[in-house]
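This report concerns only the one structure given below.
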Amino acid sequence: MKILIVDDHAVIRAGLRQLCADLSQGSGGAQVLEADAGAAALALQKNERPQLTVLDLNMPGLSGLELLRQLLDCDPQARVLVFSMHSEPVYAAKALELGAKGYLSKNASPEELRTALSRIAAGMSYVESEIAQQLAVLPSEQRQQLSERDLEILRLLGEGRSFTEIAASLGLGYKTVANSATAIKSDRK
């Protein structure tokens, strides 16, 4: 089995690599591939065709949601588990809508991560229990309220980036970012 880990933090990749190795003991082992950026992840997905991809949403350059879309365009059979610091149900809803097979926050226990990896590798899906409960009661109009660009602006604001930095990072105008942030804020009240 080939597993692709996509995260820009080396220590997270090392921990995930160890969990994947533990998971695959007794089943012939797993070949674990790693990427720290979108371009490398796309190349590995295309050339290696891993059976399971673990994807962080907070990536430099290409946003995690856009990378998810491109990974699935490249390999529609890919089984992607989004493993993110974002535990808000709106991120999970968007990732699942785009085709992810699972969603887990980085607050989850190693046991829950093992469960998610096992289920997704077996062709099933998995959403962290706490997020799944929140998703169940999230009104459908709220699930679809934020666009991918809105979510990316929200993510970058959460990192403490200024409107100017976000505009440069996303190739948008300052006013577009400011207006989007105002709209997001007013929608959430």
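Below are the figures for this structure:
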| read-out | value |
| --- | --- |
| Estimated Rh, the stretch 1-91: Kirkwood, alpha-carbon pairs, angstrom | 13.2 |
| Label-point gap, in nm, between residue 98 and residue 178 - each point 7 angstrom along Cα→Cβ | 2.9 |
| Leading residue at positive end of dipole, the chain (Cβ point charges), from 116, 182, 103 | 182 |
| Net dipole in debye of the stretch 36-78 [+1 Lys, Arg Cβ; -1 Asp, Glu Cβ; about Cα centre; nearest 20] | 100 |
| Accessible area per residue in Å² at 1.4 Å probe, computed on the chain | 49 |
| Residues residue 111 and residue 88, FRET efficiency given R0 of 22 Å [Cβ-Cβ distance, rounded to 0.05] | 0.45 |
| Charge dipole magnitude, Cβ of K and R +1, D and E -1 - the stretch 8-81, Cα centre, debye nearest 20 | 160 |
| For the stretch 82-128, average projected area of the Cα convex hull in nm² | 2.8 |
| Size of charge dipole - the chain - debye, nearest 20, with Cβ of Lys, Arg +1 and Asp, Glu -1, no other charges | 180 |
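The values are calculated or read from the model by the stated rules, or taken from the named source; none is laboratory data. Note that this is a predicted model, so its numbers are computed, not measured. Cβ sites come from the backbone with ideal geometry, for glycine too, and all protein chains shown count toward neighbours. Calculation scope for accessible area: heavy atoms of the full protein, side chains included, ligands and nucleic acids excluded. Shrake-Rupley method; radii C 1.70, N 1.55, O 1.52, S 1.80 Å.
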